[in-house]
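The values are calculated or read from the model by the stated rules, or taken from the named source; none is laboratory data. Predicted model only: the values in this text are computed from it and were never measured. Glycine gets a Cβ as well: all are built from the backbone with ideal geometry, and neighbour counts include every protein chain shown. Each accessible area value is taken on the protein alone, full model and side chains, heavy atoms only, with ligands, DNA and RNA left out. Shrake-Rupley method; radii C 1.70, N 1.55, O 1.52, S 1.80 Å.
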Amino acid sequence: MSAAQDQLEIKFRLIDGTDIGPKSYSAATSVATLKENILAQWPKEKDNGPRTVKDVKLISAGRILENNRTVGECKSPLCDIPGGVTTMHVVVQPPAQEKEKKASDDMKQNKCLCVIL
């Protein structure tokens, strides 16, 4: 396999439709490394950006990518198009504390008391 075939052009599509990239990555690059690059390149003017790698979910070809996998393991057969750019979708999840707080707030609002006599 040649060095050119070991490289993949990847861009990251954010929820508002803007992109980060494209940039060339080795097939041996881990998904966690991609997420670190997203954190470093995240547009400063955007609100609600991710704070840690755990806040970022990458989706490619309809699958959520696991941090311990490599780009080569996750690539779709459609990535084999010469000169093609792979688009991965970026989803930012709020930190766990915010999720728990929101869930407890929702429970307080939706509190129902039923008494059967």
Criterion (closer than 14 Å to V91 by Cα, touching a Cys at 6+ places or on another chain (Cβ under 9 Å) and surrounded by 14 or more Cβ atoms within 10 Å (Cβ to Cβ)) met by exactly one of L8, L58: L58
Residues within region 38-52 that are open to solvent by less than 60 Å² (accessible area, probe 1.4 Å) and more than 16 Å from V71 (Cα to Cα), tallied: 6
When residues of region 19-37 are limited to those that are among the aliphatic types (A, V, I, L, M) and surrounded by 14 or more Cβ atoms within 10 Å (Cβ to Cβ), the one farthest from C74 (Cα to Cα): I20
Qualifying positions in region 46-63 - assigned to a loop (DSSP other than H, G, I, E, B) and either modelled with pLDDT of 85 or more or in contact with a Lys or Arg (Cβ under 9 Å, 6 or more places away or on another chain) (or both): P50, R51, T52, A61, G62
Pairs, first under 16 Å from M88 (Cβ atoms) and in contact (Cβ under 8 Å) with a residue 40 or more places away in the chain in region 33-54, second part of a helix (DSSP H, G or I) and not hydrophobic (A, V, I, L, M, F, W, C), C-beta under 9 Å, six or more apart: P50/K35
